[in-house]
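Input: a single structure, listed below in structure tokens.
The values are calculated or read from the model by the stated rules, or taken from the named source; none is laboratory data. Because the structure is predicted, anything quoted here is derived from the model rather than measured. Every residue, glycine as well, gets a Cβ built from its backbone with ideal geometry; the counts of neighbours run over all protein chains shown.
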Amino acid sequence: MIYILEDAINGVLMGSIYGLTALGLTLIFGVLKVINFAHGSLLMVGMYAAYWTIILTGVHPYVALIIVAPVMYLFGYYLQDIVIKPIFKAEKDVREPITVIIVTTGVWYILDNLTLLIFGPTYRNIQDNPLKGKMLEIGEMFISVPKLWGFFTAVITAFAIYCFLQKTRMGRAIRATSLDREAASLMGINQFKVYNVAFGIGTATAGIAAVTLVPFYNIFPSVGVLFDIKGFIIVVLGGLGSIGGAILGGIIIGLIESIAPQFMTATWTEAIVYGLFLVVLFVKPSGLFGVKYDW
Amino acid sequence: MTRKNINTSTFILLGIVAFGLPLVLRSPTYLHIIILLYLYAYLTTSWNLVGGFAGVLPLGHSAFIGIGAYASTILSLQYGISPWIGMIAGGILAAIVGILIGFPTFKMRGAYFALATIAFGEGIRVMVENIDNLGPLNINGPRGLQIPPTNIGFGNYMFAGKEPYYYIILVMLVCVLALTYFISRSKLGYYLNAGGEEPEAAMSLGVNVAQAKLIAMAMSSFLTSLAGTFYAQFTLYIHPKSVMSLDFSFEIAFIALIGGRGSIAGPVLGALLLRPVSDFSRIYFGSTLPGLHLIIFGTVLILVMIFQPRGLQEPLSKFYNKLLDRISGQTPQGEVKHEYS
């Protein structure tokens, strides 16, 4: 019994990190109405950025946030501004532009393979960092310390984004655009500026998620794909566009992944996750915690 | 010469080149590359029935390739049934699965549909990877199935050289192109087009959009699964990661999109332009510059979507028409030429 509890706690911790990786995805979808297929690749770029920052400066992994988050924000801001904006302008009248999905996939291909070209296929990890392999002992349970850090980071980040969206002027502009982009632009909101900022923030959260992963996860060019598919499932489970839903959806996936292997072969959990995803998609496409929209 | 004559002679010339190629080209490597090119052209054209005409973005088509490959292989390995019959059985199975998956998903809009098809394709792959025996059927999980090359002959869909495979896939490609041509000019084609562009408007005019899309999905999955059998018999070894991978689904969709979705020539054109790029960059730069072909792929994809959202077929067919005008010395139909002196 105690083992299941231990697995459940570690599952919640890992799940909240999954949720953090999906946070940007859900934010970008909420505003741009576009599934960003390149999100996993942005996470991967963030992981490499964090890796090199930590290796070159030798700081504590979480100090790398000071560099990684702003860099990723700018990366996302200009990625949207240069690559994705032209398509939005061309397809202004389309409510849900499929073309943008395709372009983000192009970005995914380029980023992943450019990284492969530059850094090679080697698995990297940061050997001597203060968090690696640390365990917290509570009674007979062992809780992973880097994941605990990740859990708190995920909660703080989600809360910060929620406050930003509710309280600040830019946050209000983002919410207005996500509700009705025409009405928002009539109110004097620069739609494309909002898109850029939303994409930048989404990418920055991917950078934050990358920093939480780097202390205990392997870094390799195609690492994003693992989180990409998982991210899609999480945001649909939690409701596309819902910030809290992303974290809760992540925790659900984390729990399934950690507890289900007690009862079956570990590889079957993936099938369960896909099955649950399809069921939610068919029965309640707005997700478990999502707002009901007309898509 | 009139435009029509030139058009007909171009087609005849293309036909002669396509059917005569193996007589001239003796290198098995190049023949292999061209067979794969035709296979991709066939797959993208089948995909186009749903992805192009019905106006949605299915990203799980490799599941149907897998169904076709596994159905015919299991039937021939365990029951000694000719893969030709297994091919049809796999096709019918794939069509049923296609309808089952299409029924709940076609109600969804763009992004949700794409995600649902991804989850469906990946879900089937994970299941095949985890099942060793399904009832009496031996699926062999992640290890895949090997077809021993012992009974060579037409009845066993197995040949010593590459030429027979070349002709089989060429005939399949010609058939699917002809089918696409007839569908695009049929009632179903117009229904699909209308439903893809403006589902509400089409429905209000009495078009049964959902039914048209389901028919298209059934046909597309049937045809895609036939290619799965071909792939299995051509490579003689299938495993979930090869025939059911997500990359495969994506590649099919993106080749069709770069070529031009919803047109007849577009998907073939896409395969014609992109397959050689990926093959040759893998042959010449595979060890020094890994992943180069995917970087090219992604760049082309983005550039085409920004500058030619209807695909590369549009500028090329314009160019072809201009060329026709130049040769025939005629004005394009429906256009009046103004001449000032």
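Of everything in segment B:233-252, what is of a type in the set (Gly, Ala, Ser) and modelled with pLDDT under 90? Give them in sequence order.
B:242, B:245
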- Item | Flag if residue A:232 is away from chain B (no Cβ under 14 Å) and either modelled with pLDDT under 90 or assigned to a helix (DSSP H, G or I) (or both) | no
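Which members of segment B:235-247 meet the condition of being surrounded by fewer than 23 Cβ atoms within 10 Å (Cβ to Cβ) and not β-branched (Val, Ile, Thr)?
Scanning segment B:235-247 gives B:236, B:237, B:239, B:241, B:242, B:245, B:246, B:247.
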- Query: From the set of residues in segment B:90-117 that are facing chain A (nearest Cβ under 7 Å) and surrounded by 21 or more Cβ atoms within 10 Å (Cβ to Cβ), which is nearest to the chain's Cα centre (by Cα)?
  - Reply: B:114
- Message: Within segment A:273-284, does at least one residue satisfy the condition of being of a type outside the set (Phe, Trp, Tyr) and in a loop (DSSP other than H, G, I, E, B)?
- Response: yes
- Of the numbered conditions (1) within 19 Å of residue A:220 (Cβ to Cβ); (2) surrounded by fewer than 24 Cβ atoms within 10 Å (Cβ to Cβ); (3) of a type in the set (Phe, Trp, Tyr); (4) in contact (Cβ under 8 Å) with a residue 24 or more places away in the chain, residue A:18 fails exactly one; give the number of that condition. (2)
- Item | Inter-residue pairs, beta-carbon under 7 Å, first within 19 Å of residue A:99 (Cβ to Cβ) and in segment B:105-128, second small (Gly, Ala, Ser) and not in a helix (DSSP H, G or I), 6+ apart | B:117/B:60; B:118/B:60
- Here are some residues: A:269, A:212. Which one is at pLDDT 90 or above and in a helix (DSSP H, G or I)? A:212
- Just a yes or no: is a residue in segment B:271-294 β-branched (Val, Ile, Thr), assigned to a helix (DSSP H, G or I) and closer than 16 Å to residue B:48 by Cβ? no
- Condition test on residue B:30, is it surrounded by fewer than 24 Cβ atoms within 10 Å (Cβ to Cβ), touching a Ser or Thr at 6+ places or on another chain (Cβ under 9 Å) and in a helix (DSSP H, G or I)? no
